[in-house]
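Read-outs: derived from the displayed coordinates by stated rules, not from any lab. Note that the structure is predicted; figures quoted are calculated from it, not measured. Methodologically, a virtual Cβ is constructed for each residue, glycine included, from the backbone with ideal geometry; neighbour enumeration extends over all protein chains shown.
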Number of protein chains: 2
Amino acid sequence: MAQLQKSIDKRNALIKATIELVNNNGFHATPMSKIAKMANVSPATIYLYFENKQDLVNKTYIDVKAQYTSYAFETYTTDMSVEHGFEIIWKRIADFKLNESENAMFLAQCDNTPIIDEPSLQEGIKHLQPLLDLWERGKKEGLIKNMSNYLLYAYAINPLSFLMMAQKRGAFQLEASQLEDAYQSAWSSIKN
Amino acid sequence: MAQLQKSIDKRNALIKATIELVNNNGFHATPMSKIAKMANVSPATIYLYFENKQDLVNKTYIDVKAQYTSYAFETYTTDMSVEHGFEIIWKRIADFKLNESENAMFLAQCDNTPIIDEPSLQEGIKHLQPLLDLWERGKKEGLIKNMSNYLLYAYAINPLSFLMMAQKRGAFQLEASQLEDAYQSAWSSIKN
DNA sequence: ACAATAAAAATGAACGTTCATTCTTTTTTT
DNA sequence: AAAAAAAGAATGAACGTTCATTTTTATTGT
């Protein structure tokens, strides 16, 4: 127990360091030695937890993606109405993207570059299923536009990534009232 | 003249090679030697055209961004109505993102990573002004929601980046009829 | 018009550095 | 005392950049 605990702490420290360094410097300027230093570990120790650098960044991606979806669906249950369920999920996602912005930023970087390998990307997509199911239900009930789920995601969810990025860059600040505007825009772009 | 022409060709070849390699392999796996090889040039020659690797990628970004905005506003004039002007611009942007996807993909990568330095990012933003002006006009006329331009961009334009990326990954194909859906979603998310 | 010469552009090889990874030894845990 | 975990130093490869040289282009004097 104590031994396993210690290992998990170290693994988490490595993942945290990876996120922070890749966010700030990019993958190309994030050497293993810096990751090790930030996690208070020897470079060699990384290789006890991960096969190599690619494996480290893949696993980091999967880890963060799992956190993201778990957070998103935390308060959602399938017995909610389509509109209410969507609002619940959307606001959780907004919370995650704007408050846990280190994690969200890392995902944005991974989703827009070829640094994560295909199997790991696939692995990350899986957990989004509850939202897709909700949308299918909404389409059947005639509440949601009969469009591809990609289009729905593009308009209802993805804008939050852009806003998170703009906020991270200090370009602007999303206030609570604007968040309500944003939600209305999201809903009106996908509702029938 | 002949000499200058030759130089511009070589510069363009270098920029094209940079885009292609960074798109496919990422910045971290794009050595100067590969860029040189793809542009049919000696590595040393790159340094006659650009200060260093950072400068090369900065200049590439600015170059592509200028192409993007120039394409976007090609058929737009300020005497158009807000709604018509927006449709014109939106569809040009959609064209660019979906047809010139190599260029669009490169921009997406740059806009979601720290590989481009701040001054070059600022330089790239400048040319978007006509769209922001159009939106300001739309707000005054009560046609467009009175929201931050960041929010408007997030909902009206940014989804196209996501769709371009999904299409590039082969996840799905955006048909002409879906494009019309997409435009309607964009417009309904920002109109009053 | 044309050699001769200067200037510019381009090259391949070389340099010093940095990196991911491994090896050997030490420390910690069982 | 054995096994597992961790460490620091070592290694070889790869990288960005520069150097010495060659090739191409432009300029000059006749």
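Quick notes on this one:
- The GNM of chain A, with springs linking C-alpha atoms under 10 angstrom apart, assigns the highest mean-square fluctuation among A:150, A:76, A:68 to A:150.
- Estimated vicinal HN-Hα couplings, Hz - the range A:123-130 in sequence order (Karplus 6.51, -1.76, 1.60; Gly, Pro = x): 3, x, 6, 2, 5, 8, 3, x
- The protein assembly as shown, dipole about Cα centre (Lys/Arg Cβ +1, Asp/Glu Cβ -1), debye to the nearest 20: 880
- The range B:87-101-the range B:130-192 distance, computed between alpha-carbon centres (Å): 11
- Chain B: angle of helix B:82-99 to the longest principal axis, Cα-based, in degrees nearest 10: 30
- Nonlocal amide H pairs with residue A:144, under 5 Å, H built at 1.01 Å: A:139, A:192
- With label points defined 7 Å past Cα in the direction of Cβ, position residue B:74 shows copy-to-copy spacings of 4.8 nm, given to one decimal and shortest first.
- Average Cα contact separation per residue, chain B, under 8 Å, 6 or more apart, as relative contact order %: 20
- Ignoring aspartates and glutamates fewer than eight residues from residue B:65 along the same chain, the ones with Cα atoms less than 17 angstrom from its Cα are B:20, B:55, B:74, B:95, B:100, B:102, B:111, B:117, B:118, B:123.
- Label-to-label distance for residue B:141 and residue B:168 is 3.4 nm, based on points extended 7 Å past Cα in the beta-carbon direction.
- Relative contact order of the range A:1-84, pairs being alpha-carbon contacts under 8 Å that are 6 or more residues apart, as %: 23
- When each of A:145/B:191; B:10/B:37; A:168/B:139; A:59/A:91; A:16/A:53 is checked by Cα-Cα distance, pairs over 23 Å: A:168/B:139; A:59/A:91
- Selection among B:98, A:47, B:143 by position relative to the dipole of the protein assembly as shown gives A:47 as farthest towards the positive end (Cβ unit charges, Cα centre).
- Cα lying deepest toward the dipole's positive end in the range B:64-150, options B:81, B:124, B:112, charges on Cβ: B:81
- Modelled FRET efficiency - R0 45 Å, residue B:117 with residue A:42, Cβ distances, 0.05 increments: 0.90
- Residue-wise HN-Hα couplings along the range B:149-158, as the Karplus relation 6.51 cos²θ - 1.76 cosθ + 1.60 with θ = phi - 60° gives them from phi, are 4, 4, 5, 4, 5, 4, 8, 8, 10, 4 Hz; Gly and Pro carry x.
- Averaged over the residues of B:98-110, the number of partner chain Cβ atoms lying within 10 Å of the residue Cβ comes to 1.
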